[in-house]
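The values are calculated or read from the model by the stated rules, or taken from the named source; none is laboratory data. None of the values given here were measured: they were computed from a predicted structure. Heads up, the Cβs are rebuilt from the backbone with ideal geometry, glycines too, and the neighbour counts pull from every protein chain shown. Areas reflect the complete protein model, heavy atoms only, side chains present, ligands, DNA and RNA absent. Shrake-Rupley method; radii C 1.70, N 1.55, O 1.52, S 1.80 Å.
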Amino acid sequence: MNSSLSGKDLLDGFSTSLTTLLGGWLKQGFGPGADNPVFGAVTWADLGVMLCFVLLVLFVNLVALAYVRRKLKQSATAPEDQKMSHHVFTALGKPLYVLIWIYGIYFAATPLLLKLNPNTGLRVIRDGFDKLFDLGVFAVLFWLFFRFTHVIEARLSLWASKTNSKFDDLIVPLLGKSLRVIVPVVGIIFALPILNLPAEYAGILAKGSSILLIVAVALILFQGVNVGEKFVLTQYDITAADNLQARKVYTQVHVISKVVYVIIGLFTIASVLMLFEEVRRLGTSILASAGVVGIIIGFAAQKTISNLFAGFQLAMTQPIRLDDVVIVEGEWGRVEEITLTYVVIRIWDERRLVVPLSYFIEKPFQNWTRVSAQLLGSVYLWVDYTLPLDEIRKALKEIIEPHPLWDKRFWNLQVSDATEKTMQIRVLATTADSGKGWDLRCAIREQLIAYIQKNHPQSLPQFRAQLDGGGSPAPAKA
């Protein structure tokens, strides 16, 4: 603080000396008439000094503008990896022009400020002007630092583009967002002492800035978790045909990241609340009766807590994973979403079945892709005993083996059951996943029935009756 005061004193001394020097030159050049008052204690010499400062500011601003434009023009034709100076001067340009004008206005106002009597109420005007000058300089520097965050991000992006690592492409935007969040918050914190507000307002603003800082850190942590999640998931392709390992990792990462989000959110809320004295006293009271409160909360939230623990268990043991094919409550579908408390199953007809996490720990269900997506499908048909099975096997071979949905692992035909009227044949065929298995089973069923209808219609299920000599029907035979 002392260094800033000494710097301000040096600036005041320099502006006063320069004002005195220019005023003396104007009096020598224009004679005694320069001391004639214009309004109040302000003379023509004072106005002349102010005009000189304005002209000087214009000149300096034009020089700075020409210099920055020349540097930008030179760097515009440079290779992409050598354009650092272009980004720097782009960020520097506008804040530099504004800063020149702020100092120019301060110098131009010095002749008027010197005329203010410190023993009168006009001292308040000078103090207010000094405060505005300090805030203006701080605002420009803050603006400059904020613009330089884009320069840093551009430089890091250029560096990341030269590497093969995907982690760089994710971490660079995170750093850029973090800087753009932290810089405004830090700027507000450093601006508070300059304002020199009354104690009651300063306390409120200080508490508000602390809340902003906590929220900013929480946002950065949220972004960090998101980047970590994306980095892990980019290593695995869930759209691949054999995506078992990818689905394992996706499930674990999604569940764990949601838990981390909740933990960060809880700590953020707790940190903000602890800034208030009333909440701290309430927290002490709660801790004093933690046993009773814990029992009450435990009974009230036992279902929620059990689902949270079930979520951890599902993430680690993985009885289900994202995109698994499951049979739940008699419904066939795929695991579409796993949250901290429930699982969403996308049923084959586009309905959604929402099931608590604890269901998959406490009740049995079918998981058709637990170890592999490959599946053995079955087709059952009831036919007459006269159907020639060897011929049907040959026909079935011509149906299955050229079919694009068959994965070329296994198929067969067997008589799986028999009654007094018909026999049951079972066709087995393997596919890469359950969706293809369903379509292949339907195709086999349709084409096999069509073959029997065309070539052996008498071998479809039928009832037979035999008449005896008296014309009365005998008992029906299959």
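Please compute the per residue accessible area over region 359-418 with all protein chains in place, 1.4 Å probe, rounded to a whole number of Å².
Working: 3690 Å² over 60 residues.
Heavy-atom accessible area per residue stands at 61 Å².
Given points 7 Å out from each Cα along the Cα-Cβ axis, report the Phe146 to Leu376 separation in nanometres with one decimal.
6.8
Note down the net charge around Val427, summing +1 for each Lys or Arg and -1 for each Asp or Glu among other residues with Cβ under 9 Å from its Cβ.
Numbers: positive: Arg426, Arg441, Arg445; negative: none.
That works out to +3.
How much length would be gained if the chain were fully extended between Glu350 and Arg445, taking 0.36 nm per residue of separation minus their Cα-Cα distance, in nm to one decimal? Before the final figure, lay out the partial values.
On the way: separation 95, 0.36 × 95 = 34.20 nm, distance 2.49 nm.
Length gained between Glu350 and Arg445: 31.7 nm.
Say the cut-off is 26 Å between C-alpha atoms; which of Lys394/Lys436; Lys248/Lys436; Lys94/Lys230 go over it? Mind showing how you got there, number by number?
On the way: Lys394/Lys436 23 Å; Lys248/Lys436 22 Å; Lys94/Lys230 37 Å.
Pairs exceeding the cut-off: Lys94/Lys230.
Which of the peptides 97-106, 454-463, 221-230, 358-367 is most tightly packed, and how do the rest follow, going by the mean number of other Cβ atoms within 10 Å of each residue? Mind dumping the intermediate values first?
Details: 97-106: 18.3, 454-463: 12.5, 221-230: 16.8, 358-367: 14.1.
Highest mean packing first, the order is 97-106, 221-230, 358-367, 454-463.
On the protein heavy atoms, probe 1.4 angstrom, tell me the percent of accessible surface of region 378-466 carried by carbon and sulfur. Don't jump to the answer; show the numbers that get you there.
Working: 2710 of 5050 Å².
Carbon-and-sulfur percentage of accessible area, whole number: 54.
Give, as a single signed number, the net charge of other residues whose beta carbon lies under 13 Å from the beta carbon of Val379, with Lys and Arg counted +1 and Asp and Glu -1.
Numbers: positive: Arg426, Arg441, Arg445; negative: Asp439, Glu446.
Net local charge, Val379 excluded: +1.
If you take every residue apart from Ile220 with its C-beta less than 14 Å away from the C-beta of Ile220, what net charge results, scoring Lys and Arg +1 and Asp and Glu -1? Please list the in-between numbers first.
Numbers: positive: Lys177, Arg180; negative: none.
Local charge sum for Ile220: +2.
Quote the charge dipole size of region 317-418 about the Cα centre in Debye, to the nearest 20; the model charges only the Cβ of Lys and Arg (+1) and of Asp and Glu (-1).
Numbers: 12 positive and 16 negative charges, 62 e Å.
Here region 317-418 has a charge dipole of around 300 debye.
As I understand it, the dipole of region 421-464 uses +1 on the Cβ of Lys and Arg and -1 on the Cβ of Asp and Glu, about the Cα centre. Which of Trp438, Val427, Ser459 lies farthest toward its positive end?
The one lying farthest along the dipole's positive direction is Ser459.
On a 32 Å Cα-Cα criterion, which of the cross-link pairs Lys177/Lys207; Lys71/Lys131; Lys73/Lys131; Lys258/Lys363; Lys258/Lys408 come out too long? Walk me through the numbers before you get to the answer.
On the way: Lys177/Lys207 24 Å; Lys71/Lys131 34 Å; Lys73/Lys131 38 Å; Lys258/Lys363 24 Å; Lys258/Lys408 41 Å.
Going by Cα-Cα distance, Lys71/Lys131; Lys73/Lys131; Lys258/Lys408 fall outside the 32 Å limit.
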